[in-house]
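Engineer: My structure is below; once you've seen it, I'll send some questions.
Each value in this text was obtained by applying a stated rule to the coordinates, not by laboratory testing. All figures in this text were calculated on a predicted structure; none of them were measured in a lab.
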Amino acid sequence: MDGRKSRRLHWRAFTRWLVCALVGAAAIEAAGAGSDLEQQIERARLLRQLQEDAPERALLPAARLEPRALEAARAQASAAFRDGHWRAVLGAQVRARHFAQEAERAGVRAMQLRRARDALELQLKVHRQDLDHRLQRKR
């Protein structure tokens, strides 16, 4: 009977520990949810205050740009666009010229290969005729 009693005591201690752990976890979760809710309420209050105080928005950092800085940024962007466009046009012209030269070189090479093939065919034709002529003489 001592074994059963020992097991029951052990089981009761384990269940008590498990219940305490679950209650503790639930309390921690509830405390965390409450702080999140408080933070959300605080953020909403600050956002509402910021929207209501419209003149103060101009005092925030980077809320407004100086006209000169804005004009300089626009001019720089425009210059960069023109420069990029000019580079694209030049690149297209260079590529077109390169491809035209390559096509010309390919045409010249094709003509050279055609002439070499024709020369070989002519040479074979001459050799055949010569061979035919020699064979006819032997008969």
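Engineer: Can you tell me the orientation of helix 67-138 relative to the chain, as the angle in degrees between its alpha-carbon axis and the longest Cα principal axis, to the nearest 10?
Structural biologist: Roughly 40 degrees, rounded to the nearest 10.
Engineer: Per DSSP helix of 4 or more residues, -39500 (n - 2.57); summed, then divided by the residues of the chain. What does that give at 222 nm, rounded to the nearest 500?
Structural biologist: After summing the helix terms and dividing by residue count, I get -34000 deg cm²/dmol.
Engineer: Considering the alpha-carbon set of segment 61-130 alone, what are its Rg and its Dmax in angstrom?
Structural biologist: When restricted to the Cα atoms of segment 61-130, Rg and Dmax are 29.8, 98 Å.
Engineer: Sticking with this structure for a sec: Tell me the angle of helix 2-52 to the major Cα principal axis of the chain, expressed in degrees between 0 and 90 and rounded to the nearest ten.
Structural biologist: Approximately 70 degrees, to the nearest ten.
Engineer: How large is Rg/Rh for the chain, to two decimals, with Cα atoms and a Kirkwood Rh?
Structural biologist: 1.68
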